[in-house]
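Written out below as structure tokens is the structure these notes cover.
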Amino acid sequence: MMSEPSLSRRSLTVPNAITLIRILLTPLFVIFLLQGRYGPALAVFVCASLSDFIDGLIARHWQQRSPLGMVLDPLADKLLLMSSFILLSIYRLIPPWLAVVVISRDLVLVLGIVVLKLCDYPVAVRPSVAGKATAAAQMLTVFVVLGSRLAPISGTLLQGLFLLTGGLSTYSGIQYLTQGLKMGEKGKEAGPAEDGHG
């Protein structure tokens with residue numbers, strides 16, 4: 001078993017503080033979108049996206065990963081991206097099917113983790129290559145769509161990006177679902193004998 005020496009005992013680490021700022025930026029981003037102020041919305045989205053990169057960099061290189069951060073970081077990402085795709089689909093800036101695919105994937109993942117936790121099965125959530133590519137494609141989609149409100153962008157490029165993001169979201173969702181089912185099967189095989197394992 002790994003002893004996880006890199007996990008910080010402190011709750012309010014620098015990466016966690018940056019993540020909290022990202023969470024606070026999401027309502028501001030939503031307000032700008034609702035007002036049709038795409039320039040400020042894009043600026044806030046870029047700042048939030050950069051903060052995601054910066055807090056991860058600090059956490060890895062300065063050994064400031066913490067249990068709280070492992071929850072807050074994906075939560076901040078989901079809040080920002082789900083808000084983006086919901087509003088952009090309402091305004092018909094992205095196709096509704098893409099918003100459904102992206103949001104359904106995240107809801108299934110969250111529900112799966114909750115179910116495994118409730119069943120007391122060991123859950124090790126690690127982003128796969130496909131998962132990281134999906135997150136990058138989703139962020140790029142929001143960036144490009146908002147940018148298209150400020151400068152003309154080829155419709156063909158947008159459609160290609162929508163298909164890429166939808167495809168990656170579907171693939172990574174299936175991949176995570178398969179991993180979750182395998183965890184569930186391992187939990188069943190282990191049985192209650194592991195309940196007291198620390």
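In table form, for the structure just shown:
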{"quantity": "Considering residues of segment 36-80 that are of a type in the set (Lys, Arg) and more than 22 Å from VAL102 (Cβ to Cβ) only, the residue surrounded by the fewest Cβ atoms within 10 Å (Cβ to Cβ)", "calculated": "ARG60"}
{"quantity": "When residues of segment 94-114 are limited to those that are at pLDDT below 95 and not β-branched (Val, Ile, Thr), the one surrounded by the most Cβ atoms within 10 Å (Cβ to Cβ)", "calculated": "ARG105"}
{"quantity": "LEU88 of a type in the set (A, V, I, L, M, F, W, C) and at pLDDT below 95", "calculated": "no"}
{"quantity": "Options GLY160, GLY131: the member that is assigned to a helix (DSSP H, G or I), small (Gly, Ala, Ser), farther than 26 Å from ILE21 by Cβ and out of contact with any Lys or Arg (no Cβ under 7 Å at 6 or more places or on another chain)", "calculated": "GLY160"}
{"quantity": "Any hit, segment 5-19, residues being modelled with pLDDT of 85 or more, closer than 26 Å to LEU107 by Cα, in a helix (DSSP H, G or I) and of a type in the set (Gly, Ala, Ser)", "calculated": "yes"}
{"quantity": "Exclusive hit being of a type in the set (S, T, N, Q), buried (at least 18 other Cβ atoms within 10 Å of the Cβ), out of contact with any His (no Cβ under 7 Å at 6 or more places or on another chain) and in a helix (DSSP H, G or I), set SER89, SER83", "calculated": "SER89"}
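The values are calculated or read from the model by the stated rules, or taken from the named source; none is laboratory data. What you see is a predicted model; the values in this text were computed from it and never measured. Note that we place each Cβ from the backbone using ideal geometry, even for glycine, and neighbour counts take in every protein chain shown.
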